Amino acid sequence: MRAVFFDVGDTLVENWAPVSRINEIAHEVMCREFGERPWFRDFLEAKFGPAAHTLAEHGTAAESDVLLRQQTLEWYASWFTNSRIGIDDIDLDRLRVAMTVPLELVSTLVPGAREALEWCKASGLQVCIVTNTLARGDDEVWEDWRRFGLAQHIDGVASSHSVGWQKPHRAIFERALSLAGGVLPGEAVMVGDRSDADVLGAKQLGMRAVLRRTANPGAMRDVGVAPDAVIDDLTALPAVLAPWVAVPTAQPGLPGRGRVMEGGDGGQIT
């Protein structure tokens, strides 16, 4: 194994502030950036994009492609048009950035997150963030991890806003594989809290997947594929990954590269 990909929400961070508090912080930033506008609060409370459909619920690739395509700025523009609000003096991308409340202010690291990231880098693995977002692009995700003091342990970021596709679409995982130095799917593992986004998306490409168990039963529903391991928090992750890291792969260009050559069955941790 050569690379580890991490989801963010309820995988690396948890204990979210109430939505009202998150919106309050965003509102303050928007007022500083653009001056008070009567539509700010309605905009912050609006729902954008398609419903939370996934490949697990829609069997055809064409239908899933439509549902998983991310077009944040187009969604924003449609909201203003439908609300009959003119914003000629506001750049939508500046508005998007103003809405991205730093994670440090509204969440906390999952137990073991810091140590897991440090362990991955010390083990010579490429580490990438693979996250479904609305307003956050790659630059804003990087800023989150600089604020947590952990950016030095991360090699790449693939956010759905910047990639243009949400997990479990293969495009966001392919972007992460490229950022990790072009590793093959069989050389990477995805760590996340959702079976329908993280596990399904990874397994479709031939990656391993580790599921972080949470109190949300919907996050662990049956999607037809099983994770290679299940953990309760990230303190258990190094013990899961260590056997996979130790398994050699063939040299580039030779048969078997990226294929497990021996051992590494990745038993479930409870």
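The values are calculated or read from the model by the stated rules, or taken from the named source; none is laboratory data. Please read all numbers here as calculations on a predicted model, not as lab measurements. Positions of Cβ are backbone-derived with ideal geometry, glycine not excepted, and every protein chain shown enters the neighbour counts. Remember, those area values only see protein heavy atoms, side chains included, never the ligands or the DNA or RNA. Shrake-Rupley method; radii C 1.70, N 1.55, O 1.52, S 1.80 Å.
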Tell me, please, whether a residue that is β-branched (Val, Ile, Thr) and crowded, with 24+ Cβ neighbours inside 10 Å can be found in the stretch 216-235.
no
Filter the stretch 218-261 down to the residues that are part of a loop (DSSP other than H, G, I, E, B) and in contact with a Pro (Cβ under 8 Å, 6 or more places away or on another chain), then identify the one that is modelled with the highest pLDDT.
Asp233
Do the conditions hold for Gln166, that is, is it surrounded by 24 or more Cβ atoms within 10 Å (Cβ to Cβ) and under 18 Å from Leu68 (Cβ atoms)?
yes
Conditions (1) of a type in the set (A, V, I, L, M, F, W, C); (2) in contact (Cβ under 8 Å) with a residue 40 or more places away in the chain; (3) within 19 Å of Val230 (Cα to Cα): number failed by Leu211
(2)
Got a number for residues in the stretch 116-137 being open to solvent by 30 Å² or more (accessible area, probe 1.4 Å) and either touching a helix residue (DSSP H, G or I) at 6+ places or on another chain (Cβ under 7 Å) or of a type in the set (Gly, Ala, Ser) (or both)?
9
Inter-residue pairs, beta-carbon under 6 Å, first surrounded by fewer than 17 Cβ atoms within 10 Å (Cβ to Cβ) and in the stretch 66-81, second part of a helix (DSSP H, G or I), 6+ apart:
Leu73/Leu92
Could you tell me whether the stretch 142-158 includes any residue that is within 24 Å of Arg221 (Cβ to Cβ) and either touching a Ser or Thr at 6+ places or on another chain (Cβ under 6 Å) or open to solvent by 40 Å² or more (accessible area, probe 1.4 Å) (or both)?
no
Hey, Thr54 hits all of (1) assigned to a loop (DSSP other than H, G, I, E, B); (2) modelled with pLDDT under 95; (3) more than 17 Å from the chain's Cα centre (by Cα) but one; which does it fall short on?
(3)
Restricting to the stretch 179-207, what's the tally of residues that are part of a helix (DSSP H, G or I) and either within 14 Å of Val4 (Cβ to Cβ) or open to solvent by less than 40 Å² (accessible area, probe 1.4 Å) (or both)?
13
When residues of the stretch 1-51 are filtered for being of a type in the set (Gly, Ala, Ser), touching a residue at least 24 places away in the same chain (Cβ under 8 Å) and exposed (fewer than 14 other Cβ atoms within 10 Å of the Cβ), how many remain?
1
